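Here, each number is a calculation from the coordinates, and none is a lab measurement. Computed from a predicted model, the values in this text were never measured in an experiment. Cβ atoms come from the backbone with ideal geometry, glycine included; neighbour counts cover every protein chain shown.
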Amino acid sequence: MAKPQVVSDQNFETEVIKSDTPVLVDFWAVWCGPCRMVAPVLEEIASEQGDKVKIAKLDVDANPITAGRFGVRAIPTMILFKNGREAQRVVGYVPKDKLLQQIQPHFAAAAAPETSTGPTATSQKPTTPTPTTPTSPPTATSPSSPPTPPRTS
């Protein structure tokens, strides 16, 4: 069972930016009520999705350099890092299902990047035809002159 990992200004580069696995970093503080609400959600995600994503926690009061570097102005802020870059940002408390909806698309892309460029990605077509706008019949006005407004009596 994976658990959230505590990261700091000192090890952020090694543990998050250089990670081969996507890392969801929870920027939090001890005094923050919504941060305490997010903590169990992240623990569940860590234990259920630990093979696809790493969960890390960074205390913004103890580590202001990293929080400032990524422009964290409100907490809780969760940033998903993938390939050393920010891939998704979620600010505030979000229920588990909504949080997973936002971050899971990045797991699949990280696990199998070749599928997004393969023939299946380009051959996906909508199942319903898109409606077309009916074209109006040609008018007698020339292309350079504006259309004549309707007459009012």
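Annotations
- Amide H contacts under 5 Å for A56, placed H, 5+ residues apart: Q5, L24, V25, D26
- For segment 5-105, lysine pairs separated by 8 or more sequence positions, or belonging to different chains, with Cα-Cα distances below 15 Å total 4.
- Those chymotrypsin sites (Phe, Trp or Tyr not before Pro) in segment 1-89 that DSSP places in a loop and that have at most 13 other beta carbons within 10 Å: W31
- For segment 5-105, the share of DSSP beta bridges that are antiparallel, to the nearest 5, is 60%.
- The distance linking segment 1-16 with segment 35-102 is 12 Å (Cα centroid to Cα centroid, whole angstrom).
- Rg(Cα)/(2.2 N^0.38 Å) for segment 5-105, N = residue count: 0.96
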